[in-house]
1. Can you grab the distance from the C-alpha centre of segment 188-221 to the C-alpha centre of segment 59-84, Å, no decimals?
2. Once the Cα gyration tensor of segment 71-123 is found, what semi-axes does its equivalent ellipsoid get, as square roots of 5 times the eigenvalues, in whole Å, sorted largest first?
3. With the cut-off at 18 Å, tell me which of the pairs 161/208; 80/229; 80/161 have Cα atoms farther apart than that.
4. Run the 1.4 Å probe and let me know the accessible area of residue 273, rounded to the nearest 10 Å².
5. If I fit a long axis through the Cα atoms of helix 33-54 and take the longest principal axis of the Cα atoms of the chain, what angle between them do I get, 0 to 90°, rounded to 10?
6. Work out, step by step, the length gained on full extension between residue 124 and residue 212: first 0.36 nm times the residue separation, then minus their alpha carbon distance; give nm to one decimal.
7. On alpha carbon coordinates alone, what is the Rg over Rh value for the chain, Rh being the Kirkwood radius?
8. What number comes out for the charge environment of residue 197, summing +1 per Lys or Arg and -1 per Asp or Glu over other residues with Cβ under 10 Å away?
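The values are calculated or read from the model by the stated rules, or taken from the named source; none is laboratory data. No experiment lies behind these values; they were computed from the predicted model shown. No Cβ is skipped: glycine too gets one built from the backbone with ideal geometry, and neighbour counts run over all protein chains shown. The accessibility values were calculated without ligands, DNA or RNA, using every heavy atom of the protein model including side chains. Shrake-Rupley method; radii C 1.70, N 1.55, O 1.52, S 1.80 Å.
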Amino acid sequence: MQSLRSPQTLALFLVLGVFSPQAPDVLTMDLRPQTLEAFGRYVQTTEARIAGELDRPGAFLYLEGLPEPQRSGAIANIRKGEIYMEQLHTRDASGAPIEAPQGLIHHWIGAVFIPGATLRQVLEFVEDYDHHQDTYRPEVVRSRLVKHDGNRYQIYYRLKKKKVITVTLNTEHDVQYFPVDATHCHSRSVTTRIAEVANADQPGEYEKPIGHDGGFLWRLNSYWRFEEKDQGVYVEVESVSLTRDIPAGLGWLIRPFVTSIPRESLLMTLGSTRSGLAARLHPTP
């Protein structure tokens, strides 16, 4: 009998519906130490760049460091209600790409403008973690504040991501806010635990071993910047995530998930933050 690990046989089984929409177990792979090490170097170099930008006089936002006319055009567009999105690529000191063996690093930044809001109102909204399951559906299925100590939050999300297949994840995050002054703040969010859930929301659901799963999300860091000016608040989010690479023969199944989900998730986060806060500030009668 032909092995189920054959790409042709797997494709046939998926088409016939033998596998559920959940990620099939034949896609399981291990998170390698060298993959994590490369991601760590990527994050360290990225955070050094972010720290330098935050220290610039008069240019707190990433957008404010763009060359003209890109800078003024991007700011004008988000002031009109558009969402700015750009894919980034961090390189090492020699200018070479930092690549993760057997993994993919996804790096995006986006920005929105929330007119009529204050920094305090935006921070109260994004720190309301118990209600993120309402704000960021359908991706955030459940949310819960686990612990809060000053400007530090530990939170839980159950995430559901769908693109050809459906993947459900139990995730824990450590979030720290860094107030700068009355009109500027930034934050850093790092996942401390990600577990893929098999048979999600069904009798007998269970977590797969961490690091021995489908590899659809192994790490996720996000960096937020908030600036109040121009009668509103600019919100920027920079996302750096780590997933598995794309196996030969299964690109049709894996590629749509690992290449499009990071951008779509950030787009959803920015749009939902803006629309959710607008609804809170201007509730309909």
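1. 35
2. Output for segment 71-123: semi-axes of 32, 14, 10 Å.
3. Beyond 18 Å: 80/161.
4. My reading of the accessible area for residue 273 is about 0 Å².
5. Compared with the principal axis, the helix lies near 10 degrees.
6. Roughly 28.0 nm would be gained on extension.
7. Taking Rg over the Kirkwood Rh, I get 0.99.
8. -2
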